[in-house]
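Laboratory data are not the source of any read-out in this text; all were calculated from the coordinates shown. Computed from a predicted structure; not experimentally measured. Methodologically, a virtual Cβ is constructed for each residue, glycine included, from the backbone with ideal geometry; neighbour enumeration extends over all protein chains shown.
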Amino acid sequence: MQWHQMTAPDVLQRLGVSATGLDDRQAEARRRQYGANKLREEAKRGTIRRFFAQFSDFMVLILLGAAAVSFLTALLTGEGDFADPVIILLIVVTDAIIGTVQEGRAEQAIAALQKLSAPVCRVRRNGQTIPLPAEEVTVGDIVELSEGDCVPADGRLLGAAGLQMDEAPLTGESFPVEKDSRRRLSGDAPLSERQNMVFAGTSVASGHGTAVITAVGMETEMGRIAALLAQEAPPQTPLQLRLAKTGKMLGIAAMGICAVIFLLGCLQQVPVTEMFLIAVSLAVAAIPEGLPAVVTIVLALGVRRIAAQKAIVRRLPAVETLGCATVICSDKTGTLTQNKMTVTRLSDGRQTVVPESAEGRTILTCGVLCSNGESDPTEAAILHAAAAQGLYPQELKEMYPREGEIPFSGEKKYMVTVHRDGNGRCIVVKGAPEIVLERCSARGNSVPLDAFTRQQLQQEIRHLSGQGLRVLAVARRMVMTLPAETHWAEDLCFVGLLGLMDPPRPEVRTAVRQCRSAGIRPVMITGDHALTAAAIADTLGIRQDGEQLLTGAELDRMDDAALTRAAAGCAVYARVTPAHKMRIVQALQRGGQVVAMTGDGVNDAPALRAADIGCAMGQSGTEVAKNAADMVLTDDCFSTIVAAVEQGRGIYANIRKAVHFLLSSNIGEITTVLTAFLLRLPSPLLAIQLLWVNLVTDSLPALALGMEPTERDVMAQRPVPRDQSLFAGGLWYRICWRAC
């Protein structure tokens, strides 16, 4: 149901509820109909089932086969040495335990979502307003909201007074969102623009309002995110795919060798037992039993190296995936930017002025006087900018005591305060530039409006807005006698403009350049307005000539094939929902890209889980994002992922060196055993000896190769393509040459 398309009375009528709320009997009936207001917990596999599911990997089956062969060999030879099968089983069981632990990450993410629900809210029941646990809220309940409250479920606003919502956890929007209960919106209005709705998991930044609950539990927007998390399994990493392919190839080769040698022996009438032992020896020689252990240890060492770069890896194979990344998709708020509103520009209406100037101090003084505190991010930014110039709120309020106020509202789009100034009064107005400008006149008491034309003012406002700034105007009026309240915001004198934004992190521009030089394409995905996203992307160098910007509405009009084509040339996505983010990641993956996704909010979690490597912010990130990610950046710096990519590339190169050495040794062993058989000589190496060589003698040098430092020019190379073989670049030829 598109509740945002309907008027508030129509919503109440459709839900069959009055403005006084439900009674207990109605509420109980609706709870049975719609379910409890909590996220559904999917049926979980038991620990034992999850543990044994880890043994379905082909390489693991090969190792189990090797353990069985080793055990059988020890029995047939009568030596009774079972150390090798025990070692192999320990390796397999250790890997299975790690996999079992890691499989619980999606459940942890959904559990973290549960914590975002408001524990208690104020609900109208039986004609009275009572506190009620959020889980008991149902469709049709009337909920009262005030500053600091967390919304228990999705609802349609019935009334609002100066209501502003912090929807950053859901949409990524860095500014509080103004709400208006009287608005009727089109059916395709994106989530971030539904001004007549409130959503579960968001909170009230300022003002108050009432809303009728329209969706609970899994039907809320937060519930949709939980459903996306539950259904989206993390993709296999490129290394996992390559090792699985290598394992199948080696397994088939081993079985083929066994079959051929066994048949040759039978034709030569060699005793079956002897022939079996020779065939087993060749099979054991063909399988690099130490490879999984070496790879696991190299990845674990890589985790330690990356941890030194302030990144915590939660999923071991993801270490190598970093080195293969071809695209880094990043959320804007809190990842590329500081997630802290800041006054970055002051203007007198014609040109930028510095905060230290008389004009700048006047603009900031008016901004402070017409503010109520730091609970609102915009007002907090103004107060901080003023304090940097020695204009402290407490001192200004003592100097100009407040005697009246008209609070900000979404209808008026401005705020008015009245202050005593000597024997007279100073009326200060702060709000939307176009509204404040309409209330300014040439009869102002300070700088007359005709000193610069309204056209010049409008041009300056458009210029600042085009740079992605949120623009506020301040004006004032000096009077000796205070007029009636309805005439306070009239005949104002324009003072200036404040441009605010969530500024980029200073280190990100350098990190973006490093990405591009390493053949990695940065992409911004945000719920913010297109102008803001474009300004930040252009400032950081994320968008270059010829690269597109797409909005969520445009994505909705594309099928998967069209989006896959568009994703190849798009650098910025704005006004997107959590489902859009996941579609973008999947479209890039369909285009053959290895995708890293960074983010910090609940709205990023599905995309973090769907990406080849999900990177959550450790300081500003929600628990939902951290639990859905493969890696957590402890310093919240985008540049940290670039350093981690460098380590990942070095790890992949070292794994190739280890594979090179191990397979060269194995082919040498096969050649030795096979030559002895063809010449009818005694086998130079028994199966148990080959196992020992593979697990100990070969593995230690291979491990040393896996610990080599990263090469200096690794970030000047192109990323390894997803479908490129582990043996690309002539590695097979070098392996065979060294084996001979």
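Just a few scattered comments:
- Calculated FRET efficiency, residue 296 to residue 463, Cβ-Cβ distance, R0 = 45 Å: about 0.20 to the nearest 0.05.
- Within the chain, the whole DSSP H helices whose Cα atoms reach 20 Å or more along their own axis and whose mean Kyte-Doolittle score is at least 1.0 are 58-77, 83-102, 238-267, 272-286, 291-308.
- Computed [θ] at 222 nm, helices only, for the chain once each DSSP H run of length n ≥ 4 contributes -39500 (n - 2.57): -14000 deg cm²/dmol
- Relative packing of peptides 658-670, 353-365 - highest average C-beta neighbours within 10 Å first: 658-670, 353-365
- In the chain, a dipole from Cβ-located charges (positive for Lys and Arg, negative for Asp and Glu) runs towards its positive end, and of 278, 593, 191 it is 278 whose Cα lies farthest in that direction.
- Spin-label model distance (nm) - residue 697 vs residue 1, 7 Å beyond Cα toward Cβ: 7.6 nm
- Ranking 577, 486, 673 by how far each Cα lies toward the positive end of the dipole of the chain (charges on Cβ) leaves 673 at the top.
- Summarising the label geometry, the points placed 7 Å from Cα in the beta-carbon direction at residue 389 and residue 55 lie 7.3 nm from one another.
- Along its principal axes, the range 570-687 has C-alpha extents of 74, 30, 23 angstrom, given from the largest down.
- Here the range 1-27 and the range 164-205 have alpha carbon centers that stand 19 Å from each other.
- Residues 414, 573, 34, arranged from fewest to most other Cβ atoms within 10 angstrom of their Cβ, appear as 34, 414, 573.
- Magnitude of the charge dipole for the range 342-501, about its Cα centre and with charges confined to Cβ atoms of Lys, Arg (+1) and Asp, Glu (-1), is about 240 debye.
- Other-chain or far-sequence residues with amide H under 5 Å of residue 421's (modelled H): 426
- Each principal axis of the Cα atoms in the range 342-501 has its own extent, and those three values, largest first, are 40, 32, 32 angstrom.
- Gyration tensor verdict on the range 307-427 (Cα atoms; rounded if a/c is under 1.5, prolate if a/b is larger than b/c, oblate otherwise): prolate
- Under the convention that each Lys and Arg Cβ holds +1 and each Asp and Glu Cβ holds -1, the size of the dipole of the chain around its Cα centre is about 860 debye.
- Whole-Hz ³J(HN,Hα) from phi, Karplus 6.51 cos²θ - 1.76 cosθ + 1.60, for the range 137-152, glycine and proline x: 5, 9, 4, x, 5, 9, 10, 9, 10, 9, 3, x, 6, 9, 6, x
- For residue 125, distant residues with modelled amide H under 5 Å away: 130
- Relative to the current alpha-carbon distance between residue 253 and residue 716, full extension at 0.36 nm per residue lengthens the span by 163.0 nm.
- Dipole of the chain [Lys/Arg +1, Asp/Glu -1 at C-beta], most positive-end residue of 307, 324, 205: 324
- Only beta bridges with both residues in the chain are counted; by DSSP, about 75 percent of them are antiparallel.
- Value of relative contact order over the range 342-501, rounded to a whole percent, pairs C-alpha under 8 Å and six or more apart: 28 percent
- Ordered by the count of other Cβ atoms within 10 Å of each Cβ, fewest first, 692, 3 give 692, 3.
- Calculated FRET efficiency for the pair residue 33/residue 510, C-beta based, R₀ 41 Å, to 0.05: 0.15
- Here the contact order of the chain, divided by its residue count and restricted to Cα pairs under 8 Å and six or more residues apart, works out to 16 percent.
- Å³ per residue enclosed by the Cα convex hull of the chain: 186 Å³
- Magnitude of the charge dipole, the range 503-579, Cβ model with Lys/Arg +1 and Asp/Glu -1, debye to 20: 300 debye
- The range 422-570: Rg to Rh, with Rh as the Kirkwood radius over Cα pairs: 1.17
- Computed from the C-beta positions of residue 86 and residue 680, the FRET efficiency with R₀ = 35 Å rounds to 0.50.
- Extension gain, residue 24 to residue 188: 0.36 nm times the residue separation minus the Cα-Cα distance gives 55.5 nm.
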